[in-house]
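The structure appears right after this line, and notes come after that.
The values are calculated or read from the model by the stated rules, or taken from the named source; none is laboratory data. Note that the coordinates shown come from a computational prediction; the quantities given were computed from them, not determined experimentally. Please note: Cβ atoms are built from the backbone with ideal geometry, for glycine as well, and neighbour counts cover all protein chains shown. To get the accessible areas, we keep the full protein, side chains included, count just its heavy atoms, and leave off ligands, DNA and RNA. Shrake-Rupley method; radii C 1.70, N 1.55, O 1.52, S 1.80 Å.
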Amino acid sequence: ASAAYATYALGYLSYWSGDTAEAEAELQAAVDLLGGRPDAYAARALIYLGGLAADLDRSDEAIEFVHRSIEAAAPFGVDLQVGAAIGMGCVLAERADRGAAGCAAAAIELCRGGGSEQQLTATLPTAAMVSWQVGDLAAARGYVAEAMPLLAGSRRIARVVLFTVAAGIALADDDS
């Protein structure tokens, strides 16, 4: 298991450093090393693999990875389950599938039902982005309004996502 975790860590670092090919190979290797055993890091690796596949315009593969990540996250805490669930909204939003907003709403409700405040704070901007991307401006506005006070004064990527969505909503309102 330690080799799998080290391989996951390397894949995670490769992902965030922008080395897509290495990240994909390392994260897949971590999943393979864990051999299908229930493991939170396998679920995390599948979440990242879904994101990588989506980034590379391999939509069907991305959806498959997200489904697998949701299944792999099921035995673990709500926060991990939320991370996997919001991934489906992200992948569908990239495909302009209006069902993405429903996936985002389901992830937020799951988080509200037992997730941590930190997970909710991190997920609300993503749910807003997903909703905005598919034209559900009412849902996006609600998530933005809820997330703004939670992220006020913070220096997090989630805050950047939140401001991006707020700007997108403002532009959409100006176009109406």
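Label Thr164 and Ala96 with points 7 Å out from Cα along Cα→Cβ: what is the distance between them in nm?
Between Thr164 and Ala96, the label points sit 1.9 nm apart.
Give the span of the stretch 11-83's Cα atoms along each principal axis, as three whole-Å numbers ordered largest to smallest.
The principal-axis extents, from largest down, are 30, 23, 20 Å.
Restricting to Cα pairs below 8 Å that are 6+ residues apart, what does the relative contact order work out to for the chain? Please round to a whole percent.
Numbers: 264 pairs, mean separation 23.4, N = 176.
In percent, rounded to a whole number, it is 13.
Where Lys and Arg each count +1 and Asp and Glu each count -1, what net charge lies around Tyr12 among other residues with Cβ under 14 Å from its Cβ? Present the calculation step by step, with values, prior to reporting the outcome.
On the way: positive: Arg44; negative: Asp19, Glu22, Glu24, Glu26.
Once all neighbours under 14 Å are counted, the net charge is -3.
Per residue Cα convex hull volume for the chain, in cubic angstrom? Show your work: numbers first, answer last.
Numbers: hull volume 20.2 nm³, N = 176.
Dividing the Cα hull volume of the chain by its residues yields 115 Å³.
Carbon-plus-sulfur fraction of the accessible area of the chain, 1.4 Å probe, in percent? Spell out each step's value before the answer.
On the way: 4880 of 8650 Å².
Roughly 56 percent of what the probe reaches on the chain is carbon or sulfur.
Step through the residues of the stretch 14-19 one at a time and calculate ³J(HN,Hα) from phi using the Karplus curve (6.51 cos²θ - 1.76 cosθ + 1.60, θ = phi - 60°), rounding each to whole Hz and writing x for Gly and Pro.
5, 4, 6, 8, x, 8
Got a sec to turn the phi values of the stretch 87-95 into Karplus ³J(HN,Hα) couplings, 6.51 cos²θ - 1.76 cosθ + 1.60 with θ = phi - 60°, whole Hz, x for Gly and Pro?
x, 5, x, 5, 5, 5, 4, 4, 8
Could you give me D for the stretch 1-52, from Stokes-Einstein at 25 °C and 0.890 mPa s, where the hydrodynamic radius is the Kirkwood radius over C-alpha pairs? Units µm² s⁻¹, please.
Details: Rh = 10.3 Å.
For the chosen part, D equals 239 µm²/s.
Roughly how many Å is it from the Cα centre of the stretch 58-72 to that of the stretch 84-112, as a whole number?
Spelled out, the Cα-based centre of one part sits 13 Å from the other.
Relative to the compact globular guide of 2.2 N^0.38 Å, what is the alpha carbon radius of gyration of the stretch 55-107, as a ratio?
So the stretch 55-107 has a normalised radius of gyration of 1.08.
Cα axis of helix 99-112 to longest principal axis of the chain: angle in degrees, 0 to 90, nearest 10?
Value to nearest ten degrees: 80.
Rounded to the nearest angstrom and ordered from largest down, what semi-axes does the equivalent ellipsoid of the stretch 32-131 get from its C-alpha gyration tensor (root of 5λ)? Provide the component values of the computation, followed by the final result.
On the way: eigenvalues 77, 67, 17 Å².
Semi-axes, largest first: 20, 18, 9 Å.
Under the rule of at least 5 residues apart or a separate chain, name every residue whose amide H is placed under 5 Å from the amide H of Ser116.
Amide H to amide H, under 5 Å and 5 or more residues apart or across chains, Ser116 pairs with Asp79.
Hey, what number do you get for the chain at 222 nm if only DSSP H runs of n ≥ 4 count, each worth -39500 (n - 2.57), divided across all residues, to the nearest 500? It would help to have the intermediate numbers written out before the result.
Values: 9 runs with 143 residues, N = 176.
Rounded to the nearest 500, it is -27000 deg cm²/dmol.
Which value, in debye to the nearest 20, describes the size of the charge dipole of the chain about its Cα centre when Lys and Arg Cβ atoms bear +1, Asp and Glu Cβ atoms bear -1, and nothing else is charged? Walk me through the numbers on the way to the answer.
Numbers: 11 positive and 22 negative charges, 106 e Å.
I would put it at about 520 debye.
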